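The values are calculated or read from the model by the stated rules, or taken from the named source; none is laboratory data. Just so you know, these numbers come straight off a predicted model, no measurement behind them. Cβ coordinates were reconstructed from backbone atoms using ideal geometry, including for glycine residues, and neighbour counts include every protein chain displayed. To get the accessible areas, we keep the full protein, side chains included, count just its heavy atoms, and leave off ligands, DNA and RNA. Shrake-Rupley method; radii C 1.70, N 1.55, O 1.52, S 1.80 Å.
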Amino acid sequence: MSVVLVVNSGSSSLKYRLVDVEAGSVLASGLVERIGAGPGPAAHTDASGSTIRDEFEARDHHDAFAWMLRAFEAHGPSLAEFAPVAVGHRVVQGGARFFEPTVITELVKLDIDELSVLAPLHNPANLAGIVAAERAFPTVPHVAVFDTAFHQSMPPAAYLYALDREVAERHRIRRYGFHGTSHRYVSRAAAEFLGRPVEELKQIVLHLGNGASACAVDGGRSVETSMGMTPLEGLVMGTRTGDLDPAVVLHLLRRGGMGVDDVDALLNRRSGILGLGGHGDMRDLTVAAAAGDERAATALEVYAHRVRAYVGAYAAQLGRVDAIVFTAGVGENAAVVRELVLAGLEGFGVEVDAARNAERSRAARRISAGSSRVEVLVVPTDEEFEIARQTLEVVAR
Ligand SMILES: Nc1ncnc2c1ncn2[C@@H]1O[C@H](COP(=O)(O)OP(=O)(O)O)[C@@H](O)[C@H]1O
Ligand SMILES: CC(=O)OP(=O)(O)O
Ligand SMILES: [Mg+2]
């Protein structure tokens, strides 16, 4: 059997999936939300797709795991019959320390904890999930799969900030990049869809979810990405600014009557399409824009303008573009966002087929016209499956 449990612990949620990697099938999946913040929704779906919903108060990740185990017991599948041979964990920040999926030891946990200074919103939650999962599944190996790992192939020209070298090195300030598991999976899936070896393709992958990042993938390797030392840099996101003149921060601290934590909350939680257009969820923003809400329409323009700027930059860095690939919640579903991003790129060999772009589908598909020099694809990401696959690979070694 090749059953792996995948755990994605966010600051306030636990997402899990039980995967049979060899069969390529999902045996169960679920979600516990609002951890540590009072009663919240929890849901568990079995292999047949039938879902049970609950309202549950998880004080911490241990409680959330306990809920998950009860859900398996009550609704199946049986964890005795489909016992995971390993547990794979999403860990967001691996710094320059982790290049590959890694079996979790006490030392690895110390490193993940220590890297929290470079991802204060993500790594502490990832670690809490690991500790809880180890307690729930004490006899199998646990593996950390890092968001940063895929981007370790970036050259110094792409990952260095033009900052005083001594200061940057002392504080490990450089661009690490995130969503690597998704960029890796999607760039390979796109090559498969095109029936071409990934080694010969130059791709621009646009992971547009709540968090969003662009990645230039040359021959299957990340050569540049838009997120930086933390997942705040780059594209406009649900609640994050993306690129910003750093002097804005200084100005707010000096003149805006704000403290460090206020500015942190402003940039990470109250900005992006939420701050600009009044909606942090792209579904709501596009509906509002279509209904004539000017602020929402402007936010959409800013969002698309930024993505287009990165497409142009990465086209220049790659020297040639074979494929532009959209993925994640917004990239897979929001036809209007794709249309705005791609508008006016005909001079660069990008021709969109409007009907194909408007089609709704869950499968990988082409949205460019037959005559387009650049292939434009929509490829659903599957970070959980990729984490399961990498976890099994490490365990089998
Ligand atoms: N049909 C849709 N139209 C527009 N946006 C969508 C649609 N479905 C999902 N989204 C958007 O995708 C985003 C969430 O993406 P997702 O990849 O699930 O994020 P994350 O994994 O970071 O939580 C939200 O902004 C959501 O509104
Ligand atoms: C790294 C990151 O931004 O992750 P998410 O998109 O899940 O917030
Ligand atoms: Mg995501």
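Grab the eigenvalues of the alpha-carbon gyration tensor for the range 320-393, scale each by 5, take roots, and send me the semi-axes largest first in whole angstrom. Could you put the intermediate results ahead of the total?
Working: eigenvalues 130, 40, 20 Å².
Working from the Cα gyration tensor, I get semi-axes of 26, 14, 10 Å.
For the chain, averaging the sequence separation of C-alpha pairs within contact (under 8 Å, six or more residues apart) and dividing by the residue count gives a relative contact order of 14 percent. Modelled spin labels at Arg135 and Phe348, positioned 7 Å past Cα toward Cβ, are 4.9 nm from each other. The amide H of Gly242, built 1.01 Å from its N in the peptide plane, has Met237 as neighbours under 5 Å, considering only residues 5 or more places off or on other chains.
Neighbours of Leu252, meaning other residues whose beta-carbon lies under 13 angstrom from its beta-carbon, give a summed charge of -1 when Lys and Arg score +1 and Asp and Glu score -1.
Net charge of the neighbourhood of Ala343, taken over other residues with C-beta under 13 Å away and scored Lys/Arg +1, Asp/Glu -1, is -2. Within the chain, DSSP assigns beta bridges of which about 70% are antiparallel (rounded to the nearest 5). The calculated 222 nm mean residue ellipticity attributable to helices in the chain amounts to -11500 deg cm²/dmol, summing -39500 (n - 2.57) over DSSP H runs of n ≥ 4 and dividing by all residues. Here the chain is assigned +1 on the Cβ of each Lys and Arg and -1 on the Cβ of each Asp and Glu. Its dipole about the Cα centre then comes out at about 520 debye. Restricting the range 1-71 to trypsin sites (Lys or Arg not before Pro) that sit in a DSSP loop and have at most 11 other Cβ atoms within 10 Å of their own Cβ leaves Arg59. Max-minus-min Cα coordinates of the range 3-146 on each principal axis give 41, 38, 22 Å, with the largest extent listed first.
Stretching the chain fully between Ala309 and Ala157 yields a gain of 52.8 nm (0.36 nm per residue, less the alpha carbon separation). Taking a label point 7 Å from the Cα of Asp264 along the Cα→Cβ vector, which residues of the range 121-164 have an amide N closer than 18 Å to it? The answer is 121-128, whose backbone nitrogens lie closer than 18 Å to the label point.
Once both labels are positioned 7 Å from their Cα atoms along Cα-to-Cβ, the gap between Val117 and Arg70 label points is 4.0 nm. For Ser50 and Glu169, the difference between the fully extended length at 0.36 nm per residue and the C-alpha to C-alpha distance is 37.7 nm. Taking amide H as placed 1.01 Å from N in the peptide plane, the amide H of Ser226 sits under 5 Å from that of Ala214, each at least 5 places away or on another chain. Our estimate of slack between Asp284 and Ser25, defined as 0.36 nm per intervening residue step minus the Cα-Cα distance, is 90.0 nm. When Ser361, Ser48, Ser13 are compared by accessible surface with a 1.4 Å probe, the order from highest to lowest is Ser48, Ser361, Ser13. For the range 44-106, the spherically averaged projection of the C-alpha convex hull amounts to 6.4 nm². Summing charges over all other residues whose Cβ lies under 13 Å from the Cβ of Lys202, with Lys and Arg as +1 and Asp and Glu as -1, gives -2. Note on the range 188-249 and the range 149-166: Cα centroid distance 15 Å, given to the nearest whole angstrom. Per atom type, the chain shows carbon and sulfur on 53% of its accessible surface, probed at 1.4 Å.
Shown is the FRET efficiency for Ser11 and Arg356, computed with R0 = 51 Å from the Cβ-Cβ distance and rounded to the nearest 0.05: 0.85. Each 10 Å bin, from zero up to the one with the longest distance, holds this percent of the alpha carbon pairs of the chain: 5, 21, 32, 28, 13, 2, 0.
Which listed residue (Ala291, Leu31, Val117) has the Cα farthest towards the positive end of the charge dipole for the chain, taking +1 on Lys and Arg C-beta and -1 on Asp and Glu C-beta about the Cα centre? The residue sitting farthest along the positive end of the dipole is Ala291.
Based on protein heavy atoms only, the range 3-146 ends up with 43 Å² per residue of surface accessible to a 1.4 Å probe. Taking max minus min of the alpha-carbon positions on each principal axis, the range 195-383 gives extents of 55, 38, 32 Å, largest first. Computed with every protein chain present, the accessible area of His305 is close to 120 Å² [probe 1.4 Å].
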